[in-house]
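The values are calculated or read from the model by the stated rules, or taken from the named source; none is laboratory data. Bear in mind the structure is a predicted one, so any value in this text is a computation, not a measurement. Virtual Cβ from ideal backbone geometry, glycine too; neighbours counted across all protein chains shown.
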Amino acid sequence: MQLAKVDTQPHRPATASRRFPVWIGRFDDAADRAAIDELAAWVERRYREDLRQRPSKHVYVRTLPAEIVEKVDRLRDSAVIRDAISRHFDADRVITPMKHTDELYMSHYNKDYGGDHGLYGKHYDGNLRFLPVGSVVRALIYVQSDATYKVVFEDSKVEKAFTAYEFGLLDFHRELHWVEGEYNPHDRQRILLKCNFLIAPRNASGLTRTLLGANTAVFYVVKAAMEYSKSPSNPPQFAVGLLCNFFRVLNNVHPFVPLAFVVLAIVAAGWGIHLLARW
């Protein structure tokens, strides 16, 4: 298996606090490609109606049939991905798969200011880049795609129009990126896997559990809000969608900014309630 390296960063190990530079690779093994082809065919059968709809769709891999999860495991557990990740970190770092967060993603470039609008605007996938230790690397594994969409990785200065059998690795919390393109229902369906890996110091089980817990909590809360408000059709969904996009912009400035906004909102609400009680 060969890696097609396009990152522009010096070829050196990364500490847990340094951004993981984007890495582009592909699956060249015939058995891996066969598994990808079988996954693409299964998705097009199973989600035929969803693929005809405009909203993008996320499905947790853990909810898929066992035989499909087995094909996904072949890809996300492959040496080609693990080697590409580990070569950028010191030898005392351990890779822990976050399979409970991994997703099958059908993307329709849906820019309607709903919950999934932010996937196509400038954004960081996570908001824990202020942590001094621990990194999360996300693998974008392209099951099926043509070159009509381009992903721009701002921090690594990489642009890539991914096609089937290719994958991209990025820093979940520290890589500003976005997708450029235009939805066309007649294009080849864009189907990919989003698989996440925590990298933490060896022999630090307590720290690893804490990092897993923090990342999982943030992931599920954000994902629930995005899913609820994608392609909004009622006032509550519109409101949550606007909040998702507002907090995305704040997070682009600094991860503490949305947290500060929440604190200020709580304080203001408490002060307002206090004033009303006095009246």
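Observations, loosely collected:
- Complete set of residues in the range 57-82 that are free of Cβ contacts under 8 Å to residues at least 40 places away in the same chain, over 19 Å from the mean Cα position of the chain (by Cα) and part of a helix (DSSP H, G or I): A66, E67, I68, E70, K71
- Set side by side, the residues V218, V240, V267 differ, and just one is aliphatic (A, V, I, L, M), part of a helix (DSSP H, G or I), free of Cβ contacts under 8 Å to residues at least 40 places away in the same chain and more than 20 Å from R18 (Cα to Cα), which is V267.
- Across the range 179-215, the number of residues qualifying as free of Cβ contacts under 8 Å to residues at least 24 places away in the same chain and over 22 Å from D92 (Cα atoms) comes to 1.
- Scanning the range 83-104 for residues that are basic (K, R) and either outside any strand (DSSP E or B) or surrounded by fewer than 16 Cβ atoms within 10 Å (Cβ to Cβ) (or both) gives R87, K99.
- Note on the range 38-64: residues that are within 15 Å of L193 (Cα to Cα) and either among the polar types (S, T, N, Q) or loosely packed, with under 14 Cβ neighbours inside 10 Å (or both) total 5.
- Residue match in the range 86-108 (condition: in contact with an Asp or Glu (Cβ under 7 Å, 6 or more places away or on another chain) and not β-branched (V, I, T)): yes
- Conditions (1) surrounded by 18 or more Cβ atoms within 10 Å (Cβ to Cβ); (2) among the charged types (D, E, K, R); (3) modelled with pLDDT of 95 or more; (4) over 29 Å from E227 (Cα atoms); number of the one not met by R76: (4)
- Among the candidates V222, V218, the residue that is within 29 Å of T148 (Cβ to Cβ) and not charged (D, E, K, R) is uniquely V222.
- Selection from the range 132-184 of residues that are more than 27 Å from T210 (Cα to Cα) and of a type in the set (S, T, Y): Y142, S145, T148, Y149, S156, T163, Y165, Y183
- Counted residues, the range 182-197 - those being within 18 Å of the chain's Cα centre (by Cα) and either at positive phi or surrounded by fewer than 20 Cβ atoms within 10 Å (Cβ to Cβ) (or both): 1
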